[in-house]
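Working notes for the structure below.
The values are calculated or read from the model by the stated rules, or taken from the named source; none is laboratory data. These numbers come from a predicted model, not from an experiment. Every residue, glycine as well, gets a Cβ built from its backbone with ideal geometry; the counts of neighbours run over all protein chains shown. The area values use the complete protein model at the heavy-atom level, side chains included, leaving out ligands, DNA and RNA. Shrake-Rupley method; radii C 1.70, N 1.55, O 1.52, S 1.80 Å.
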Amino acid sequence: MRVLVISDIHANLAAFEAVLEDAKGDWDYVWCLGDVVGYGPDPNESCELLKSLPHLCIAGNHDWAALARLDIRTFNVDARRAVDWTQKTLSPENIEYLSALPTTFVLGNYTLAHGSPREPVWEYILDPLIAALNFPHFETDYCFVGHTHTPVMYRLLNEDGDTDAVSPIYGEPVPLNGHRLVINPGSVGQPRDSNPDSAYGILDVESAVFEPRRVPYPIHKTQDKMRGHDMPERLIKRLEHGW
Ligand code: ZN
């Protein structure tokens, strides 16, 4: 089975559509690592497109924020405005869909979590040290996470817990064998690694080969909609810079 691995769509339909177009024919199933909504102008459309695909999705912090399930005082002002708008805009059906998302999932040799296996909804795995602390918290060889919006692969190098970070080479399939790994495919709808192109990956589950990919999308389409909804300018601008 080949899996389209995506994360952090963040209600950016143009980005989500570009990924699906780019990945057409290359996958049988979708694993979505959370944050389907929040920040972007298309929360309902993004939920509906995802629901139309054969998929499994886990919950992200922004999905929970949209459900008013967590205290958003830790969010910055712009993120809070986007959360308020998302809460008002989501349909009852999509609220119900997001409410039912699990926080982690284990499939064969793969664990899925939005933030980290240790703290699935919240923790950011930002460097090899944090990744190292997370290896004891999952039992499979591989764990996929999102949340940081930065594509990267952390490798456990030895029993002492030494861990390094490997940057992806896009379009190049990587055999995962040999190390336990925490893999982040990056963000579909709000990349933050100074590259505005949507990020995703294709995983061959049985042979454990993962191919990280990037694809440009019509950013202005999403920005125009955000301006139409009077969303914060900083959130609109960041899309074209990838931060
Ligand atoms: Zn996110």
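Return the total of residues in segment 75-91 being open to solvent by 30 Å² or more (accessible area, probe 1.4 Å) and under 26 Å from ILE183 (Cα atoms).
Adding up the residues that qualify gives 0.
Rundown of residues vs (1) in contact (Cβ under 8 Å) with a residue 12 or more places away in the chain; (2) buried (at least 22 other Cβ atoms within 10 Å of the Cβ), yes/no style:
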site	(1), (2)
GLY25	no, no
LEU33	yes, yes
TYR39	yes, yes
ASN44	yes, no
LYS51	yes, no
CYS57	yes, yes
HIS62	yes, yes
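Looking at segment 152-174 only, could you name the residues that are among the hydrophobic types (A, V, I, L, M, F, W, C) and either touching a residue at least 60 places away in the same chain (Cβ under 8 Å) or open to solvent by less than 60 Å² (accessible area, probe 1.4 Å) (or both)?
VAL152, MET153, LEU156, ALA165, VAL166, VAL174 - these are the residues of segment 152-174 that are among the hydrophobic types (A, V, I, L, M, F, W, C) and either touching a residue at least 60 places away in the same chain (Cβ under 8 Å) or open to solvent by less than 60 Å² (accessible area, probe 1.4 Å) (or both).
Only residues that are over 19 Å from VAL121 (Cα atoms), assigned to a loop (DSSP other than H, G, I, E, B) and in contact with a Phe, Trp or Tyr (Cβ under 9 Å, 6 or more places away or on another chain): list them for segment 43-90, please.
The answer is LEU53, PRO54.
Would it be correct to say that ARG2 is touching a Phe, Trp or Tyr at 6+ places or on another chain (Cβ under 6 Å), open to solvent by 70 Å² or more (accessible area, probe 1.4 Å) and away from the ligand (no atom under 16 Å from the Cβ)?
yes
From the residues in segment 110-132 that are free of Cβ contacts under 8 Å to residues at least 24 places away in the same chain and more than 15 Å from the ligand (Cβ to nearest atom), which one is most open to solvent (accessible area, probe 1.4 Å)?
Only one residue fits best here, namely ARG118.
Modelled with pLDDT under 95, open to solvent by 40 Å² or more (accessible area, probe 1.4 Å) and farther than 27 Å from LEU67 by Cα, is that true of ASN177?
Judged against the criteria, ASN177 is a match.
I want to confirm something. Restricting to segment 13-42 and keeping residues that are among the small types (Gly, Ala, Ser) and in a loop (DSSP other than H, G, I, E, B), which single residue is farthest from the ligand (Cβ to nearest atom)?
GLY25
Hey, does segment 196-219 have a residue that's within 16 Å of the ligand (Cβ to nearest atom), among the polar types (S, T, N, Q), touching a Gly at 6+ places or on another chain (Cβ under 8 Å) and open to solvent by 20 Å² or more (accessible area, probe 1.4 Å)?
no
Yes or no: segment 113-129 includes at least one residue that is modelled with pLDDT of 95 or more and farther than 28 Å from ASP71 by Cβ.
Among the residues of segment 113-129, at least one is modelled with pLDDT of 95 or more and farther than 28 Å from ASP71 by Cβ, which makes the answer yes.
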